[in-house]
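Taking it in order: structure first as structure tokens, then the write-up.
The values are calculated or read from the model by the stated rules, or taken from the named source; none is laboratory data. Everything quoted here is computed from the prediction, not taken from an experiment. Cβ placement follows ideal geometry from the backbone for every residue including glycine, while neighbour counts extend to all protein chains displayed. Please note that ligands, DNA and RNA were not included when accessible areas were found on the heavy atoms of the full protein model with its side chains. Shrake-Rupley method; radii C 1.70, N 1.55, O 1.52, S 1.80 Å.
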Amino acid sequence: MSKTMAWTTFFAALFTLFSLKFLHFFNFIKWSPVGWTDKVLLFGTKNEAPKYTFLFVILIIIFAIFYGVSKLTVGIHPAVTAFVISVICAIAIEWVIFSPTSLSAGVKSISIPFFSIIAVVSIFVTGTAVYEVKSSNNN
């Protein structure tokens, strides 16, 4: 794990965490970013700090895996890779949360601000990973 990967995943997770809290606070998303912890009975407390800390750790792991996979897509432009990943992730996450009855209902339920946050983080992680690979190949 390089320093670049560590810092990129840390700041991507931090930005995503604060963005999800912002979107939830101002009702841009209809679901709680830590609501899933109540369903799995992982935390018995009403305090959200441990839940958000656990979500932060999970996001770091997810972005580290995403960073590693993004290094393999050097031949594809980072914006294309990030856009495809963003669409798939946003639809999958909201599909799991809302369980729509049809594909058109699922697409209509996607929060545009949520998709934008996922797209920004995806382009950040993908772009950094591809740049790291290309710069190491030039040396």
(request) Report yes if some residue within the stretch 4-19 is polar (S, T, N, Q), open to solvent by less than 80 Å² (accessible area, probe 1.4 Å) and at pLDDT below 85; otherwise report no. (result) no
(request) Within the stretch 24-34, identify whether any single residue is open to solvent by 90 Å² or more (accessible area, probe 1.4 Å), under 21 Å from V125 (Cβ atoms) and outside any loop (DSSP other than H, G, I, E, B), and answer yes or no. (result) no
(message) I need a count of the residues in the stretch 106-119 that are without any contact (Cβ under 8 Å) to a residue 12 or more places away in the chain and either crowded, with 16+ Cβ neighbours inside 10 Å or under 9 Å from the mean Cα position of the chain (by Cα) (or both).
(response) 0
(message) Looking only at the stretch 59-102, count every residue that is modelled with pLDDT under 95 and within 11 Å of A13 (Cβ to Cβ) and tell me the total.
(response) 0
(request) Could you identify the single residue in I60, I65 that is within 30 Å of S32 (Cβ to Cβ) and in contact (Cβ under 8 Å) with a residue 24 or more places away in the chain? (result) I60
(request) For residues that are open to solvent by 80 Å² or more (accessible area, probe 1.4 Å) and either acidic (D, E) or without any contact (Cβ under 8 Å) to a residue 12 or more places away in the chain (or both), scanning just the stretch 81-98, find the one that is nearest to F66 (Cα to Cα). (result) I88
(message) Just the residues that are under 25 Å from M1 (Cβ atoms) and outside any helix (DSSP H, G or I), please, taken from the stretch 109-139.
(response) N139
(message) Being in a helix (DSSP H, G or I) and open to solvent by 50 Å² or more (accessible area, probe 1.4 Å) is the filter here; which residues of the stretch 61-80 pass it?
(response) I61, I62, I65, V69, K71, L72, V80
(request) Quick one: count up the residues across the stretch 35-52 that are modelled with pLDDT under 75, surrounded by 10 or more Cβ atoms within 10 Å (Cβ to Cβ) and assigned to a loop (DSSP other than H, G, I, E, B). (result) 2
(request) For I58, indicate whether it is part of a helix (DSSP H, G or I) and of a type outside the set (G, A, S). (result) yes
